[in-house]
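A short worksheet on the structure shown next.
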Amino acid sequence: MLLESIGKGERMFDKVNSLFFSALLHDVDKVLQKLDESDVKALNKTKNGKEFVRYLKYKSIDDLKGDDIATDDLIYIILFSESIIDRVSLDEVGKGEQSVSNLDDIFNKFGKQESTRSFETQTLTSPRRNIFAQKRTTFDDFEFANVQKRLLNELKENSFDFSSKQRLLNVMEKLTSYINCGVKGQEDISFYDHARLLTCVSSAIYFYLEDNQINNYKQFFLKGSTDILAEKFFQLVSFDISGIQSFIYKITSKGAHKQLRSRSFYLDMISEWIVDRLLEQCGLDRTSLLYSGGGHAYLVLPNTDWCLHEMEKIEHSFNQFFLKSFSTDLYVAFGNAEFSPVSLLRSNVIQNIYRSVNQKVSFKKLNRYSADTILSLNKGGKKKGRECSICHTVDNLISDENKCHLCASLEEFSRNIQKETYFEVVEGVDGLRLDTDHVLKRISSKDSKNKGSNTVYAKNLFNGSDFSGVKIWAGDYTDLENNLFTKYAKRDWKDGESKGIKRIGTLRCDVDDLGYAFMAGFSELEGGKNNIFSRTATFSRSMSMFFKAYINTFAQETHLTIIYSGGDDVFVLGAWDEIIDFAVLLRQNLKNWSNGKLTLSAGIGLFEDKTPINVMARVTGDLEDTAKNSGKDSICLFDENEIFQFDEFIEEVYQGKLISIRKLFDGEGEKGNSFIYKLLDLIKQRNRTDRIAFARLAYYLSQLEEHTDNKQAFNRFKHNMMGWFDNDRGIKEAEMSLILYVYETRKEV
């Protein structure tokens with residue numbers, strides 16, 4: 001929003017900026033601990049810098065006594081906001097604070113059992129950063145002193161004007177994400193997340209008061225009605241883009257590999273652009289964003305008619321753009337629910353707020369279009385004519401080319417997309433269009449420093465302290481130069497003779513019950529008192545970092561390509577054996593990340609290299625659903641009948657029977673493979689009520705024992721095999737282990 005649009009002009013613009021810096025840095029002295037005269041002088045060089053320094057001494061209502069503070073001073077809003085997120089009365093603000101220390105794990109108070117893990121003293125840019133919480137950590141005074149020094153230097157160099165807001169957020173995220181907020185009982189909330197939410201709440205309250213023409217903050221907060229906590233200052237807003245999966249995998253033929261990953265990134269950018277358009281129109285910044293990922297987002301906005309109007313306008317605008325550009329393939333649905341501070345004190349109410357918003361979004365997704373829009377779509381009939389050779393649409397084709405404008409743009413954009421870092425949204429129609437009037441362009445690192453903060457984005461940028469735009473995370477690892485996925489089937493990276501079945505492997509997986517975890521994961525302990533917005537916001541950011549940033553680290557040095565990783569939903573192509581390795585690694589890392597409190601379900605497919613991508617995605621998605629429907633925390637490999645609990649697969653197959661089979665048969669050549677094929681045939685004949693197959697197995701193993709060189713190892717295998725054969729799960733695990741061994745040793749031309 002241009003603030004002039006609501007008739008407030010420069011005065012309001014200045015107050016909004018001042019509120020941002022003053023709220024975001026209100027507790028920064030907990031980290032800096034002390035400021036000498038030269039520090040204060042350096043910070044006082046700007047109006048907003050001087051204002052935030054002045055507010056540092058006001059930690060409680062008592063601190064205001066004796067000072068001549070204006071009735072419309074922003075400190076009243078900041079202290080009241082602090083009382084909301086610290087869950088104390090206004091009179092108690094600032095009286096229960098403690099020293100900052102290492103950040104506790106956000107999963108400590110998640111689920112039904114409390115734990116006591118914490119992170120090491122570090123920053124997001126620490127070269128040896130340990131991303132996993134530990135049972136025992138010590139506070140590193142040297143590292144903390146380094147954080148203090150770097151943060152103070154950054155603040156001294158900050159201009160404290162509108163253009164530096166996002167840059168300061170980036171600095172705070174980088175330096176204070178592993179330091180707790182110094183609030184008793186909230187040691188699992190980082191200083192960054194606490195400061196961000198304090199700014200979010202303060203901004204929403206400010207706009208609400210302005211909208212209701214309340215200017216005497218002192219009277220409103222200190223002498224007003226006791227019903228102030230029931231005042232509905234806020235609205236939780238959510239949106240969800242429908243059609244993401246089918247849009248990404250829609251491409252079926254020639255040229256698919258050239259733009260598959262850019263389609264995923266394109267939708268991420270549309271989602272981020274919707275967020276920033278809405279925030280800009282409401283006069284807000286990214287502190288108001290709780291979560292964004294996978295085409296879904298949650299925001300806390302002021303409960304004003306203006307924000308509601310802007311939300312509806314943006315929803316309509318993007319849906320018109322989607323209809324014109326993609327017909328009915330994509331649709332965005334918004335939902336909102338107003339709430340008061342008292343709602344944040346009751347865990348069941350917080351759940352109801354999320355539930356209400358999600359129900360509104362779901363209702364809109366089921367009732368997408370007005371009668372007039374449906375009539376207009378029907379009048380158009382089924383379009384005929386030349387098709388795009390990639391996505392098969394007949395809309396918006398380029399003259400004399402068998403490509404639509406979107407596919408041509410995505411194909412161009414997809415070149416070296418993984419290596420690109422900086423992007424800018426500009427007005428225009430030539431390029432990759434994000435809405436009716438704006439396109440996405442690549443820019444250089446140098447050019448990114450001279451652009452507006454709300455239109456420039458950096459992908460996967462951990463460093464870069466001078467970057468003043470929006471940082472976004474994207475799971476986009478690949479080892480390929482030109483997205484030629486057939487390389488995974490050819491397996492020509494192996495030294496010497498190429499071994500292993502020549503197939504492409506696929507993985508689709510997502511976190512089980514993530515929606516419930518988001519809404520109610522902190523409600524299980526202590527009567528639900530742990531279910532607060534600060535935790536849900538921190539939890540959301542934690543999940544985004546895992547699946548959109550750190551997933552790239554997990555995939556390093558592998559023959560894989562991450563096609564899509566949207567918050568928790570993952571699709572990966574690659575060498576089939578490394579797909580299995582990655583699925584195990586991802587699941588084990590999630591288990592470590594969440595301290596065993598979140599589970600993953602996965603499907604793994606195996607395909608010839610000419611199989612269309614959309615078929616791979618659909619079939620693998622069906623395997624994932626089979627795993628999820630079988631009890632969750634499961635993996636389904638190749639066929640809907642091959643389902644294992646993840647621990648069973650890892651311990652009994654991947655790290656168990658498969659290793660034993662390798663040790664016995666490696667070096668046996670064709671003789672070993674023939675034996676394994678015979679075993680698999682006997683397993684297929686197995687029937688628990690018919691002991692003939694068991695007798696055949698015993699006879700066959702005895703015959704083979706006479707021809708083996710390592711009789712001791714074979715005798716052990718024979719004994720194990722007889723035991724597995726007589727056990728339903730044991731023989732299923734053995735069968736999968738034998739199949740995997742055949743796949744990894746098969747020689748194909």
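Could you check how many residues of region 520-538 are in a helix (DSSP H, G or I) and aromatic (Phe, Trp, Tyr)?
To start, the set of residues in region 520-538 that are in a helix (DSSP H, G or I) comprises 520, 526-528, 533-538.
Adding the requirement that they be aromatic (Phe, Trp, Tyr) leaves 533.
So the count comes out to 1.
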For His26, all conditions in the list (1) out of contact with any Gly (no Cβ under 7 Å at 6 or more places or on another chain); (2) part of a helix (DSSP H, G or I); (3) not β-branched (Val, Ile, Thr) hold save one; what is the number of the exception? (2)
Based on this model, can you work out whether Asp513 counts as on the phi < 0 side of the Ramachandran plot and surrounded by fewer than 22 Cβ atoms within 10 Å (Cβ to Cβ)? no
May I ask you to list the residues in region 687-729 that are at pLDDT below 70 and part of a loop (DSSP other than H, G, I, E, B)? Arg688, Thr689, Arg691, Glu706, His707, Thr708, Asp709, Asn710
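Here's the yes/no breakdown for (1) assigned to a loop (DSSP other than H, G, I, E, B); (2) over 16 Å from Gln259 (Cβ atoms):
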site	(1), (2)
Ser389	yes, no
Asp395	yes, yes
Leu440	no, no
Lys446	no, yes
Go through region 59-79 residue by residue and tally those that are crowded, with 18+ Cβ neighbours inside 10 Å and closer than 17 Å to Cys181 by Cα. 3
The helices (runs of 4 or more DSSP H) lying wholly within region 124-215 that contain at least 3 residues that are without any contact (Cβ under 8 Å) to a residue 40 or more places away in the chain are 141-157
Applying the selection to region 266-303, what residues are in a loop (DSSP other than H, G, I, E, B), out of contact with any Phe, Trp or Tyr (no Cβ under 6 Å at 6 or more places or on another chain) and over 27 Å from Gln245 (Cβ atoms)? Cys282, Gly283, Leu284, Asp285
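Taking Lys112, is it within 24 Å of Ile532 (Cα to Cα) and among the charged types (D, E, K, R)? Give the steps one after another, and end with the answer.
Details: within 24 Å of Ile532 (Cα to Cα): yes; among the charged types (D, E, K, R): yes.
Taking the combined requirement at face value, the residue satisfies it.
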The one condition Gln245 fails out of (1) part of a helix (DSSP H, G or I); (2) crowded, with 24+ Cβ neighbours inside 10 Å; (3) under 25 Å from the mean Cα position of the chain (by Cα) is (2)
More than 18 Å from Lys628 (Cβ to Cβ) and either part of a helix (DSSP H, G or I) or not assigned by TED's automatic domain parsing to the domain that holds Leu507 (or both) - does that describe any residue in region 555-573? no
Filter region 61-112 down to the residues that are in a helix (DSSP H, G or I) and either among the acidic types (Asp, Glu) or under 26 Å from the mean Cα position of the chain (by Cα) (or both) and list them by number. Asp62, Asp63, Glu82, Ile85, Asp86, Asp91, Glu92
Among what's in region 4-41 and is modelled with pLDDT under 85 and crowded, with 17+ Cβ neighbours inside 10 Å, pick the residue that is farthest from the chain's Cα centre (by Cα). Leu35
Within region 137-150, identify whether any single residue is in the same structural domain as Ala42 (by TED's automatic domain parsing), touching a Phe, Trp or Tyr at 6+ places or on another chain (Cβ under 8 Å) and not aromatic (Phe, Trp, Tyr), and answer yes or no. yes
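Okay, residues lined up against (1) buried (at least 18 other Cβ atoms within 10 Å of the Cβ); (2) at pLDDT 85 or above:
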site: Cys404; (1), (2): yes, no
site: Leu410; (1), (2): yes, no
site: Arg415; (1), (2): no, no
site: Phe423; (1), (2): yes, yes
site: Val429; (1), (2): no, no
site: Asp437; (1), (2): no, yes
site: Leu440; (1), (2): yes, yes
site: Lys449; (1), (2): no, no
site: Asn454; (1), (2): yes, no
Looking at Val171, Val147, can you tell me which residue is over 20 Å from Lys45 (Cβ atoms), of a type in the set (A, V, I, L, M, F, W, C) and touching a Leu at 6+ places or on another chain (Cβ under 9 Å)? Val147
Being surrounded by 16 or more Cβ atoms within 10 Å (Cβ to Cβ) and over 26 Å from Gln213 (Cβ atoms) is the requirement here; does Arg87 meet it? yes
Search region 308-322 for residues that are charged (D, E, K, R) and pair each with any residue that is not in a helix (DSSP H, G or I) when their beta-carbon atoms are under 8 Å apart and the residues are at least 6 apart or on different chains. Glu310/Met1; Glu310/Cys282; Glu312/Phe334; Glu315/Phe239; Glu315/Val332; Glu315/Ala333; Glu315/Phe334
Evaluate the following for Leu197: is it among the aliphatic types (A, V, I, L, M), surrounded by 24 or more Cβ atoms within 10 Å (Cβ to Cβ) and under 29 Å from Asn460 (Cα atoms)? yes
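The values are calculated or read from the model by the stated rules, or taken from the named source; none is laboratory data. Model, not experiment: these values are computed from the prediction. Glycine also receives a Cβ, built like all others from the backbone with ideal geometry; neighbour counts cover every protein chain displayed.
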